[in-house]
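The next block holds one structure in the form of structure tokens; read it before the comments.
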Amino acid sequence: MALISGVGTTITNNYTAIGGENVYLIQQGETLIGDAAPAFNFDTTDGNTLIVRGTVSGAVGSAVVGLADAEGNQVRVASDGLLTGTTNAVLLYGASSELMNRGQIGASHSTGFAVVMGGDGSLVNNSGAITGSRGVVVEDGNPATVDSYTIINSGRINAGSIGAIAQGFFNVTIENSGLIRSDNMAIGLEGDHARIENDGRIVGGLVGIYNSAAEMQLFNNEGGVIKARSVAPPNAQDPMTPALLSSAAYLGGVNTDSIVNAGTFVGDVILGAGDDSYLGLGTGWVDGVVEGGAGLDVLTGSRASDTLIGGLDDDEINGRGGNDSLFGDEGSDGMAGGAGHDRMFGGSGDDWMSGGGGNDWMAGEDGNDVLHSGAGNDTLYGGAGLDALNGETGDDLIHGEGGNDTIFGEDGADSVYGDDGDDWLQGDGGADLIVGGAGRDILVGGAGADTLRGGGDGDILHGDGGDDILYGGTGADELYGGAANDKLFGGTDMDLLLGGTGNDVLRGQGGDDTLFADSGNDQLIGGAGADVFDFAVWLDDLGTNRILDFEAGIDKIVLAGFGVDTVELALGRALSQSGSNAVIDLDLLNDPITPTPNSGLLIIVGAWGQIDASDFII
């Protein structure tokens, strides 16, 4: 071991290592001041170790320098040691160089670099304090090869411009359990591949981590914080500084980047071009947004409430736990909300979306989208395009909006609106409200007591099971009640109404309507216009049916298929009077020689003495 000075002395000189594999010691209380750069120079020697327990100061330059040919050298700064320089404190360009700091290292100049490493296999291990305009800089010492560097920090790296920067073609690993901070950029990266493992704090005034080119793996572990404070303007001297982004992490370039987050990001997480991934673990949280950018990205949230944006191209976005906000943006994206009350926006492209648990809000927006609400009371908007929307469980609100959409309410009491376009709307289970809107729509109530409104144009409405209410609206509509006791309202124009089984009420309303009686005790009201009341010969039992507003000479009653030749013969057998009402017994209406198996009564209210054979069609 070589003692550079005696105890308690101050030497103003420049010291150069002689030979290799020596140990040089600056003891506590000793000071080495370089009157010309550097104070200590490894020169081209290999395998030497400098131990600093006192002070090494580069008064006009660097404190410690090792050239590219000086390989395997080590600088060890003890807890009571101090290295200071003006331009740089430590500059080691040789391969396999190591800096172990437990004390203090600093560069005093406004553009000074505290530590610069430039050789393959170099290591910086800091548990003390490093300060400077740039804290730790690793540079590609040999562009012809891909070098590797490691920075381990459990202490403090505090910089005015950039806390740690890696520039060139190389692989760099940064492990942080302490603090890396800067008024501008905490960590800046270029190169081929970068890996960051963070259990501590990475804090930048403008951006926490900025990666311009390297393929990057970032692990922000539980308890780790990566933050942009957004208080400092960009430093014009730093070519890697992006525009004012307020980003906790900005990962640009065209390579594939991945982030695993179990800690906290304060600020946005921006992924650039390339097929990138973000995975939130546990309660990992981003106080901002995660944006995929260009490329086929996979973004997966944590149990916290996430905001995930796919960006360009076809992305996969999963909210998982929490009340998430998911944006597909451009491209045909796949999105799943997971647990929680989520908000999902498909953007452009043909998107696939699933709400999952919770009361979700989903909008397909442009493109031909497929939306599944999942469990909960959800709200779905199809947007433009030919969309397929499925309410699934819960009481859902569903709007098809533009285009020819297919909508299934499924379980629960759903409100389904087709809006524009020729839509298929089906309620399925529950007491549903189904509204066609503009276009020629098909509405199917399914099980439950449903309300169906056709809207504009000529629609087809099927009540199916349950006590349903059907409104045709404008246009020539077809209304089919189905099973149970239904109410059918034709609306304006020429409508067709068929009650189905059960005790139904059929109202043609405006226009020349056709009303079909079916099994059950039905009430038929034609409304305005020349209406036709048709009684189905194919049923064995038509029940007791009443026509409440028959207008003789205008409306018609169809009794075709009962096996009679003339109306006169039919009415002679079957017509009778009950007060002011005319009653037709359908069993007596049958031809006695070749009867049909029909029974039931037709009561024409207030028509006795007003109807004749001209009001019937057989």
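The values are calculated or read from the model by the stated rules, or taken from the named source; none is laboratory data. Note that the structure is a prediction, hence the values are computed from the model and not measured. Quick reminder, even Gly has a Cβ in these numbers, built from the backbone with ideal geometry, and neighbours come from all protein chains shown.
Filter the range 277-304 down to the residues that are closer than 12 Å to I317 by Cβ and out of contact with any strand residue (DSSP E or B) (no Cβ under 6 Å at 6 or more places or on another chain) and list them by number.
Of everything in the range 277-304, those that are closer than 12 Å to I317 by Cβ and out of contact with any strand residue (DSSP E or B) (no Cβ under 6 Å at 6 or more places or on another chain) turn out to be L296, D297.
Listed here are the residues, each with its yes/no results for (1) more than 29 Å from the chain's Cα centre (by Cα); (2) in a strand (DSSP E or B).
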{"site": "S148", "(1), (2)": "yes, yes"}
{"site": "I151", "(1), (2)": "yes, yes"}
{"site": "I165", "(1), (2)": "yes, yes"}
{"site": "E175", "(1), (2)": "yes, yes"}
{"site": "I180", "(1), (2)": "yes, yes"}
{"site": "A194", "(1), (2)": "no, yes"}
{"site": "I202", "(1), (2)": "no, yes"}
{"site": "L218", "(1), (2)": "no, yes"}
{"site": "E222", "(1), (2)": "no, no"}
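If you go through the range 362-382 one residue at a time, do you hit one that is within 10 Å of the chain's Cα centre (by Cα) and crowded, with 24+ Cβ neighbours inside 10 Å?
Initial filter on the range 362-382 (within 10 Å of the chain's Cα centre (by Cα)): 362.
Filter again for crowded, with 24+ Cβ neighbours inside 10 Å, leaving 362.
Yes, the range 362-382 contains a residue that is within 10 Å of the chain's Cα centre (by Cα) and crowded, with 24+ Cβ neighbours inside 10 Å.
Do we have G458 as out of contact with any strand residue (DSSP E or B) (no Cβ under 9 Å at 6 or more places or on another chain), in a loop (DSSP other than H, G, I, E, B) and surrounded by fewer than 23 Cβ atoms within 10 Å (Cβ to Cβ) here? It would help to see each step written out before you state the result.
Values: out of contact with any strand residue (DSSP E or B) (no Cβ under 9 Å at 6 or more places or on another chain): no; in a loop (DSSP other than H, G, I, E, B): yes; surrounded by fewer than 23 Cβ atoms within 10 Å (Cβ to Cβ): yes.
Judged against the criteria, G458 is not a match.
What number of residues within the range 303-328 are assigned to a loop (DSSP other than H, G, I, E, B) and surrounded by fewer than 23 Cβ atoms within 10 Å (Cβ to Cβ)?
Pass one, the range 303-328, residues assigned to a loop (DSSP other than H, G, I, E, B): 303-306, 310-315, 319-324, 328.
With the extra rule that they be surrounded by fewer than 23 Cβ atoms within 10 Å (Cβ to Cβ), the set shrinks to 303-305, 312-314, 320-323.
Qualifying residue count, the range 303-328: 10.
Tally the residues that are out of contact with any Ser or Thr (no Cβ under 6 Å at 6 or more places or on another chain) and either modelled with pLDDT of 90 or more or surrounded by fewer than 19 Cβ atoms within 10 Å (Cβ to Cβ) (or both), restricting the search to the range 214-228.
10
Of these, I554, I617, which one is within 25 Å of F489 (Cβ to Cβ), over 60 Å from the mean Cα position of the chain (by Cα) and modelled with pLDDT under 90?
Values: I554 fails: modelled with pLDDT under 90.
Exactly one residue qualifies, and that residue is I617.
Report the residue count in the range 4-16 for those that are under 23 Å from A68 (Cβ atoms) and either touching an Asp or Glu at 6+ places or on another chain (Cβ under 6 Å) or at pLDDT 90 or above (or both). Spell out how you get there, then give the answer.
We begin by selecting, within the range 4-16, every residue under 23 Å from A68 (Cβ atoms); these are 14-16.
Now drop any that are not either touching an Asp or Glu at 6+ places or on another chain (Cβ under 6 Å) or at pLDDT 90 or above (or both), which leaves 16.
Going through the range 4-16 one residue at a time, the tally reaches 1.
With respect to the numbered conditions (1) modelled with pLDDT of 95 or more; (2) in contact with a Gly (Cβ under 6 Å, 6 or more places away or on another chain); (3) not in a strand (DSSP E or B), which one is the sole condition not fulfilled by V254?
All conditions pass for V254, except number (1).
List pairs: first residue in the range 285-303 and in contact (Cβ under 8 Å) with a residue 40 or more places away in the chain, second residue hydroxyl-bearing (S, T, Y) and buried (at least 21 other Cβ atoms within 10 Å of the Cβ) anywhere in the structure, Cβ distance under 8 angstrom, at least six positions apart or on different chains.
Once the first residue is in contact (Cβ under 8 Å) with a residue 40 or more places away in the chain and sits in the range 285-303, its partners that are hydroxyl-bearing (S, T, Y) and buried (at least 21 other Cβ atoms within 10 Å of the Cβ) give G288/S247.
Do you know which residues across the range 259-275 are out of contact with any Lys or Arg (no Cβ under 9 Å at 6 or more places or on another chain) and not in a loop (DSSP other than H, G, I, E, B)?
Matches in the range 259-275: I259, V260, N261, D268, V269, I270, L271.
If you go through the range 135-169, how many residues are at pLDDT 95 or above and crowded, with 24+ Cβ neighbours inside 10 Å?
3
List the number of the failed condition for V172; all other conditions in (1) modelled with pLDDT of 95 or more; (2) crowded, with 24+ Cβ neighbours inside 10 Å; (3) not charged (D, E, K, R) hold.
Failing condition for V172: (1).
If I ask for residues that are assigned to a strand (DSSP E or B) and surrounded by fewer than 24 Cβ atoms within 10 Å (Cβ to Cβ), which ones from the range 400-425 would you list?
T406, F408, S415, Y417, W424
Go through the range 37-56 residue by residue and tally those that are hydroxyl-bearing (S, T, Y) and surrounded by fewer than 22 Cβ atoms within 10 Å (Cβ to Cβ). So that I can check it myself, show each step before the final result.
Taking the range 37-56 first, the residues hydroxyl-bearing (S, T, Y) are 44-45, 49, 55.
Filter once more, so that each one left must be surrounded by fewer than 22 Cβ atoms within 10 Å (Cβ to Cβ): 44, 49.
Within the range 37-56, residues that are hydroxyl-bearing (S, T, Y) and surrounded by fewer than 22 Cβ atoms within 10 Å (Cβ to Cβ) number 2.
Among the residues of the range 178-198, which ones are under 18 Å from G263 (Cα atoms) and either crowded, with 24+ Cβ neighbours inside 10 Å or touching a residue at least 60 places away in the same chain (Cβ under 8 Å) (or both)?
Just the residues of the range 178-198 that are under 18 Å from G263 (Cα atoms), to begin with: 178-181, 186-187, 195-198.
The answer is I180, A186, I187, I196, N198.
Do you know which residues across the range 57-73 are surrounded by fewer than 24 Cβ atoms within 10 Å (Cβ to Cβ) and more than 52 Å from the chain's Cα centre (by Cα)?
S57, A59, V60, G61, D69 - these are the residues of the range 57-73 that are surrounded by fewer than 24 Cβ atoms within 10 Å (Cβ to Cβ) and more than 52 Å from the chain's Cα centre (by Cα).
Could you say which residue among D369, D333 is within 26 Å of V260 (Cβ to Cβ) and without any contact (Cβ under 8 Å) to a residue 60 or more places away in the chain?
On the way: D369 fails: within 26 Å of V260 (Cβ to Cβ).
Sole residue among the options that is within 26 Å of V260 (Cβ to Cβ) and without any contact (Cβ under 8 Å) to a residue 60 or more places away in the chain: D333.
Only residues that are assigned to a loop (DSSP other than H, G, I, E, B), of a type outside the set (S, T, Y) and at pLDDT 85 or above: list them for the range 18-48, please. Don't jump to the end; show me each part of the working.
Kept after step one, since they are assigned to a loop (DSSP other than H, G, I, E, B), are these residues of the range 18-48: 18-22, 27-30, 35-39, 44-48.
Retained after the next criterion (residues that are of a type outside the set (S, T, Y)): 18-22, 27-30, 35-39, 46-48.
Hits for the range 18-48 are E21, N22, Q27, Q28, G29, E30, P38, A39, D46, G47, N48.
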